[in-house]
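**Q** If you scroll down you'll find the structure; I have some questions about it.
The values are calculated or read from the model by the stated rules, or taken from the named source; none is laboratory data. Predicted, not measured: the structure shown is a model, and the values here were computed from it. Glycine also receives a Cβ, built like all others from the backbone with ideal geometry; neighbour counts cover every protein chain displayed.
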Amino acid sequence: MSVRTIGVVMNGVTGRMGYRQHLVRSVLAINEQGGVTLSDGSRVTLRPVLVGRNADKLARIAAAHGIPDHTTDLDAALADDGNLIYFDAQVTSARVKAVLKAVDAGKHVYAEKPTAESVQEAVALAQAAAAKGVKNGVVQDKLFLPGLLKLKRLVDGGFFGRILSVRGEFGYWVFEGDWQEAQRPSWNYRAEDGGGIVLDMFPHWHYVMENLFGRVTSVYAHATTHIPERVDERGERYAATADDAAYGIFELEGGVVAQINSSWTVRVNRDELVEFQVDGTHGSAVAGLRDCRAQHRAATPKPVWNPDLPVTARFRDDWQTVPDNAEFDNGFKIQWELYVRHVLEDAPFPYDFASGARGVQLAELGLRSSAEGRRIEVPQL
């Protein structure tokens, strides 16, 4: 079968996610496996065109991976008819302008989330892409994690009966940057640069809830900045103006209640950096990044509350590991393959700019809920 190559403009590959997950573990990994296989058996490889503001960083990355095409001129990259796809992994504050340029140039656009800093801008992106007739997609990588794929298998199989609640715990301690280097870039903690854990994580939680449990109908959130001052990459102190922790309660269609804590100021005392517990009338499950454990109602023990006696039961021993039953590839790479098939042969791809706008909407309403101290309904966009 034939092999075709298409150009992919990749803006923001000098950043952590753009480089590791999208360039190295997705685009280059796809090429190493021989490309994306289409429905007719033919294959498509991807020719990355690296774009960014720092020419030296781009040159180093390009040299390390044998990539001939790199430039600081986005307009020139978009003018090349051989480049069919534009991908954006820049800081959020720079995304809208660049994506609109790509849409105007007739490129199919794939972008990291959040697609914008406000729901108004996010909706405008979706409308612009629809008006131009270009394919569009947003990264929703958590759906392709092994743990959540196993959890979805339980949902689809009716394991839970009627789902009652979801409890999510996400986060870890991000060092302040003084006595130990911070493991996240400083812009994450400046609201003026598009930072904040609500804008970063609520779009994730939105697509997880929407795809696994149902549409979000209301939000009550408390966002806060626990660490008011941090040290940036140059060793200079700066005021942390963005929220670094958020505690949210979400109501979903069908009466499901979800409680999700998100924090960059918490020390990990759980098996994985993110865990979701789902409780239903017929069973419960706890899913993380890779693993998932379940407990059916027939195997549920009967704990008795007695604070005067030590607990001898090992409650975790009563849970059963959900088997892999499949080979799990990198979630970012899987979604890249889906998007390429969507562009080239109109294969299904529900993770479009409209779904990205709904995620931004939840973040915006979460921040509003926190500011006003009240529950806010989430209208359908």
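**Q** Would you check which residues across region 17-37 are of a type in the set (A, V, I, L, M) and either closer than 19 Å to N83 by Cβ or surrounded by 20 or more Cβ atoms within 10 Å (Cβ to Cβ) (or both) and list them?
**A** L23, V27, L28, I30, V36
**Q** Out of A55, A79, A131, A59, which single residue is of a type outside the set (S, T, Y), touching a residue at least 24 places away in the same chain (Cβ under 8 Å) and either on the phi < 0 side of the Ramachandran plot or surrounded by 14 or more Cβ atoms within 10 Å (Cβ to Cβ) (or both)?
**A** Of the residues listed, the single one that is of a type outside the set (S, T, Y), touching a residue at least 24 places away in the same chain (Cβ under 8 Å) and either on the phi < 0 side of the Ramachandran plot or surrounded by 14 or more Cβ atoms within 10 Å (Cβ to Cβ) (or both) is A79.
**Q** Let me ask something additional. For region 29-60, name all the residues that are in contact with a helix residue (DSSP H, G or I) (Cβ under 6 Å, 6 or more places away or on another chain) and part of a helix (DSSP H, G or I).
**A** Across region 29-60, the qualifying residue is only A29.
**Q** Step by step: first the residues of region 189-222, then only those that are over 21 Å from F276 (Cβ atoms) and crowded, with 22+ Cβ neighbours inside 10 Å, then the one that is farthest from the chain's Cα centre (by Cα). Which residue is that?
**A** Y189
**Q** Going through L100, L28 one at a time, which residue ends up being farther than 30 Å from A131 by Cβ and at pLDDT 95 or above?
**A** Result of the check over L100, L28: L28.
**Q** Consider region 84-108. How many of its residues are closer than 20 Å to T72 by Cβ and touching a Lys or Arg at 6+ places or on another chain (Cβ under 8 Å)?
**A** 4
**Q** Given the condition out of contact with any strand residue (DSSP E or B) (no Cβ under 7 Å at 6 or more places or on another chain), in contact (Cβ under 8 Å) with a residue 12 or more places away in the chain, assigned by TED's automatic domain parsing to the domain that holds P228 and of a type in the set (K, R), answer yes or no: does some residue in region 278-291 qualify?
**A** yes
**Q** Follow-up question, since we're still on this one. Under the condition of being farther than 8 Å from V119 by Cβ and within 14 Å of the chain's Cα centre (by Cα), which residue from region 350-361 is surrounded by the fewest Cβ atoms within 10 Å (Cβ to Cβ)?
**A** Step by step, filter region 350-361, then rank; the result is D352.
**Q** For the subset of region 336-349 comprising residues that are of a type outside the set (A, V, I, L, M, F, W, C) and assigned to a helix (DSSP H, G or I), which member is surrounded by the most Cβ atoms within 10 Å (Cβ to Cβ)?
**A** Filtering first and then ranking leaves Y339.
**Q** Somewhere in region 294-304, is a residue of a type in the set (S, T, N, Q) and surrounded by 16 or more Cβ atoms within 10 Å (Cβ to Cβ)?
**A** yes
**Q** May I pose another question? When residues of region 151-182 are filtered for being surrounded by fewer than 17 Cβ atoms within 10 Å (Cβ to Cβ), more than 18 Å from the chain's Cα centre (by Cα) and in a loop (DSSP other than H, G, I, E, B), how many remain?
**A** 9
**Q** Return the residue satisfying two criteria in turn: it lies in region 92-108 and is of a type in the set (G, A, S) and under 30 Å from I197 (Cβ atoms), and of such residues it is farthest from the chain's Cα centre (by Cα).
**A** A102
**Q** Kindly indicate whether any position in region 200-220 is touching a helix residue (DSSP H, G or I) at 6+ places or on another chain (Cβ under 8 Å), of a type in the set (G, A, S) and within 21 Å of K152 (Cβ to Cβ).
**A** Checked against the condition, which is being touching a helix residue (DSSP H, G or I) at 6+ places or on another chain (Cβ under 8 Å), of a type in the set (G, A, S) and within 21 Å of K152 (Cβ to Cβ), region 200-220 yields at least one hit.
**Q** While we're here: Suppose we filter region 239-277 for residues that are closer than 19 Å to M209 by Cβ, surrounded by fewer than 19 Cβ atoms within 10 Å (Cβ to Cβ) and of a type in the set (A, V, I, L, M); how many remain?
**A** 3
**Q** Among the residues of region 73-84, which ones are part of a loop (DSSP other than H, G, I, E, B) and touching a strand residue (DSSP E or B) at 6+ places or on another chain (Cβ under 7 Å)?
**A** Answer for region 73-84, where residues must be part of a loop (DSSP other than H, G, I, E, B) and touching a strand residue (DSSP E or B) at 6+ places or on another chain (Cβ under 7 Å): D80, G82.
**Q** Among (1) in a loop (DSSP other than H, G, I, E, B); (2) surrounded by fewer than 20 Cβ atoms within 10 Å (Cβ to Cβ), where does V13 come up short?
**A** Going through the list (1) in a loop (DSSP other than H, G, I, E, B); (2) surrounded by fewer than 20 Cβ atoms within 10 Å (Cβ to Cβ), V13 breaks only (2).
**Q** A follow-up question, please. Sort out which residues of region 362-381 are closer than 21 Å to T92 by Cα and either surrounded by 16 or more Cβ atoms within 10 Å (Cβ to Cβ) or polar (S, T, N, Q) (or both), and write them in order of number.
**A** Residues satisfying the conditions are L362, A363, E364, L365, G366, L367.
**Q** Could you tell me which numbered condition V340 fails, if it satisfies all but one of (1) modelled with pLDDT of 95 or more; (2) not assigned by TED's automatic domain parsing to the domain that holds E32?
**A** (2)
**Q** Are there any pairs with C-beta distances below 7 angstrom linking a residue in region 179-205 that is without any contact (Cβ under 8 Å) to a residue 24 or more places away in the chain to a residue that is surrounded by fewer than 24 Cβ atoms within 10 Å (Cβ to Cβ) and aromatic (F, W, Y), with the two at least 6 apart or on different chains, and if so which?
**A** That search, which allows pairs on different chains as well, returns E181/F175; Q183/F175.
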